[in-house]
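Read through the structure below, which is laid out as structure tokens, and then see the notes.
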Amino acid sequence: MLLTGALLASAAAQGVGRFVLTPLLPDMRAAAGLDAAQAGIVAGANFAGYLAASIWLALRAREGRIGAVPLGFVLVLVGAFAMALAPSYPLWIAARAAAGYGGALLFLGSLDAYARAARAPEDLRPLAGVGLGIALSCAAVLPWLADWRSGWLAAGVLGLLCAPFVLRLPRGEAAGHVGDEPAPPLSAPLVRLAVSYAAFGFAFGAATTFFVNAIASGDRRAAALVWVVVGVFAAPSVWLWSWVRRRVRAVGALFAANVLHAASILLVALDPRPLTATVAGMVFGATFLGVPALSLAQARVLAPKSARRTAAWVTVLYGIGQMAGPPAIGWLGERLGSLAHGLLGAAAVGAVAALLLLPDLRRR
């Protein structure tokens with residue numbers, strides 16, 4: 001039951017709270033007459049809410065993070081139902097920001113609750129809930145792509161079904177504040193890692209927003225099914241990259257994951273047909289959880305005496321990049337005449353994320 005609750009909390013936080021926008025966005029844009037830049041702002045609001053909550057949680061004791069789970073769950077559900085009912089673009093922005101804030105509280109709080117109750121801080125199984133949430137939320141809205149408000153209602157109902165498990169996650173005693181640790185050392189490898197992670201966040205945020213939209217000019221249902229593929233391949237990916245990390249140098253695994261992630265975005269940008277996009281979705285799904293897992297593990301290695309504080313602030317930089325990606329690439333797509341071409345910019349930034357790691361890759 002404990003693992004089930006943590007898995008479903010991750011699924012609700014990321015599937016309903018964040019990624020269900022991706023398959024619904026093409027019809028939302030068509031109904032409201034939004035250009036790509038405006039759509040990027042809607043997505044960016046969600047990432048901004050997530051970033052704000054991440055900063056708040058970075059300054060909290062673990063008990064405060066665990067206690068945030070119920071509030072986060074409520075905000076995720078409110079955000080989904082509000083999208084179904086909100087009559088205007090400004091209210092969409094507010095609803096997505098609330099869902100993003102709640103998603104961070106729910107996701108990070110549930111991970112802490114599981115780690116403490118299971119006494120297994122290195123257990124990565126709850127992260128599989130992210131891929132599960134993407135696949136389930138997209139499958140739930142597939143019948144409603146042409147009626148996107150009903151799609152949001154379906155996503156909200158899916159979240160409600162998780163309530164009996166999520167709200168039974170246990171509370172825990174307080175750990176120390178992150179601020180009790182010394183400041184992270186500003187070494188060159190750590191700075192490069194942080195900037196690389198921020199660049200990955202930029203590329204990832206843009207790609208998750210516009211992945212389906214870039215290939216939806218043909219069969220929108222087939223395009224949305226590609227997003228299900230992303231979730232299916234994401235679910236086991238953390239274990240895959242953990243296995244790779246044990247067999248090669250950690251920075252080498254991180255470099256490879258970033259290269260493949262950028263390549264998947266490039267593939268969609270160059271050839272957005274559904275068959276090619278399905279291959280890209282497999283690679284994208286298999287890498288987008290691996291990069292954060294490997295980046296945070298490497299951050300702890302580079303700053304062992306301030307591991308939690310380093311991980312928290314590296315995550316904040318990632319969040320800033322993630323928030324900036326959708327509006328920037330949406331604007332670029334408008335300038336270049338298509339979102340597929342705009343995603344070339346996201347692929348380029350993703351490539352920068354990999355290139356920043358080259359000096360450390362060459363070190364013995």
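Since every read-out is calculated from the coordinates, none of them should be taken as a lab result. Everything quoted here is computed from the prediction, not taken from an experiment. Every residue, glycine among them, receives a Cβ derived from its backbone with ideal geometry; neighbour counts consider all protein chains shown.
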Give, in whole angstrom and from largest to smallest, the semi-axes √(5λ) of the equivalent ellipsoid of the stretch 181-364, with λ running over the eigenvalues of the Cα gyration tensor.
30, 17, 13
Counting residues in the chain as N, plug N into 2.2 N^0.38 Å and put the Cα Rg over that result.
0.91
Quick check for me: using +1 on Lys/Arg Cβ and -1 on Asp/Glu Cβ, what's the dipole size of the stretch 286-364 about its Cα centre, in debye to the nearest 20?
520 debye
Leading residue at positive end of dipole, the stretch 1-179 (Cβ point charges), from G159, A117, G15
A117
Which one, V230, V259, M323, projects farthest toward the positive side of the charge dipole computed for the chain from Cβ point charges (K/R +1, D/E -1)?
V259
For the stretch 1-179, what is the charge dipole size about the Cα centre, in debye to the nearest 20, if Lys and Arg each add +1 at the Cβ and Asp and Glu each add -1 at the Cβ?
280 debye
Largest first and rounded to whole Å, the semi-axes √(5λ) derived from the alpha carbon gyration tensor of the stretch 1-179 read 29, 17, 12
As an exercise, identify the chymotrypsin sites (Phe, Trp or Tyr not before Pro) in the stretch 307-345 lying in DSSP coil whose Cβ has no more than 14 other Cβ atoms within 10 Å.
none
Give the relative contact order (percent, whole number) for the stretch 1-179; include only Cα pairs under 8 Å separated by 6+ residues.
42 percent
Taking Cα centroids, how far is the stretch 75-151 from the stretch 297-364 in Å?
22 Å
Based on DSSP H runs of at least 4 residues, each adding -39500 (n - 2.57), what is the mean residue ellipticity at 222 nm of the chain after dividing by all its residues, to the nearest 500 deg cm²/dmol?
-25500 deg cm²/dmol
Any idea what the dipole of the chain comes to, in debye rounded to 20, about its Cα centre with Lys/Arg Cβ at +1 and Asp/Glu Cβ at -1?
940 debye
